[in-house]
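Below: the structure, in C-alpha cells.
The values are calculated or read from the model by the stated rules, or taken from the named source; none is laboratory data. Note that the structure is a prediction, hence the values are computed from the model and not measured. Neighbour counts run over all protein chains shown; Cβ positions are idealised from the backbone, glycine included. Just the protein is used for accessible areas: all its heavy atoms, side chains included, with ligands, DNA and RNA removed. Shrake-Rupley method; radii C 1.70, N 1.55, O 1.52, S 1.80 Å.
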Amino acid sequence: QVQLVESGGGLVQAGGSLRLSCAASGRTFSKSTMAWFRQAPGKEREFVAANGWRDDSTYYADSVKGRFTMSRDNARNTVYLQMNGLKPEDTAVYYCAASTRPWSSSSRREYDYWGQGTQVTVSL
C-alpha cells in the first residue's frame, strides 16, 4: 500500500508560479513510477507529467511542456511539480499518482495509487 499526500496548491494570477509537492509513504519510493494528473470541473482527469523509476526519464503533456517541470527526491520520498507561466486553463485539482511498473505512462489505468488532490486556481 502507498499513501500519497499532495500540497502546495492555491490561487495565483496568470503568469505566476506554484510548486506542488507529493509526499509518499508505504513502499520503496525509488522503485515507484510517479505521475501528475489534473482534473478541471466537468472534464476528465488528464495526464500532466510522469517519471519512470527504471530510467528516470520524464515526459510531459504537450499543454504543459516548457512551463512545468517534474522532479523527484528519493531521499525525501517526494515528487514535485514546478509550474511556471500559469494560465487560467491550468485551473484544476492536481493529483499525484504512483505505479509499481518501471516505465512512465500517460494512462490513468497504469497507476495503482492516488493522492487526494490539491486545488490550483489561476486567475486573469
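How much length is gained on full extension from Gln82 to Gln1, taking 0.36 nm per residue of separation minus their Cα-Cα distance? It would help to have the intermediate numbers written out before the result.
Numbers: separation 81, 0.36 × 81 = 29.16 nm, distance 2.65 nm.
Taking Gln82 through Gln1 to full extension adds about 26.5 nm, to one decimal.
Let me know the whole percent of all Cα-Cα pairs from the chain that are separated by more than 18 Å. If you can, show how the numbers build up before the last one.
On the way: 3460 of 7626 pairs.
In whole percent, the long-distance tail amounts to 45.
When the Karplus curve 6.51 cos²θ - 1.76 cosθ + 1.60 is applied with θ = phi - 60°, which whole-Hz ³J(HN,Hα) does each residue of region 105-115 get, with x for Gly and Pro?
Listing the rounded values in order: 8, 8, 8, 4, 5, 7, 10, 9, 10, 9, x Hz.
Per residue, how many Å² of accessible area does region 15-124 show with a 1.4 Å probe?
Using a 1.4 Å probe on heavy atoms only, each residue of region 15-124 averages 49 Å².
How far is it, in nm, from the label point at Arg27 to the one at Ser71 when both lie 7 Å from their Cα along the line to the Cβ?
Going by the 7 Å Cα→Cβ label model, 2.5 nm.
Mind listing P(r) for region 1-45? All alpha-carbon pairs, 5 Å bins, whole percents.
5, 14, 21, 21, 20, 10, 7, 2
Taking the Cα centre as origin and putting +1 on Lys and Arg beta-carbons and -1 on Asp and Glu beta-carbons, what dipole magnitude results for region 1-104, to the nearest 20 debye?
That gives region 1-104 a dipole magnitude of about 200 debye.
Tell me, in nm to one decimal, what length is gained between Arg19 and Thr121 on full extension, where the rule is 0.36 nm per residue of separation less the Cα-Cα distance?
Stretched out fully, the Arg19 to Thr121 stretch lengthens by 35.4 nm.
Taking amide H positions as placed 1.01 Å from N in the peptide plane, with prolines and chain starts having none, which residues 5 or more places from Val48, or on another chain, fall under 5 Å of its amide H?
Trp36, Phe37, Arg38
Counting other Cβ atoms within 10 Å, which trypsin sites (Lys or Arg not before Pro) in region 1-57 have at most 11 and lie in a DSSP loop?
Qualifying residues, ordered by number: Lys43, Arg54.
Less than 13 Å apart at the alpha-carbon level, and either on another chain or at least 8 residues along: which aspartates and glutamates does that give for Lys43?
Within reach: Glu89, Asp90.
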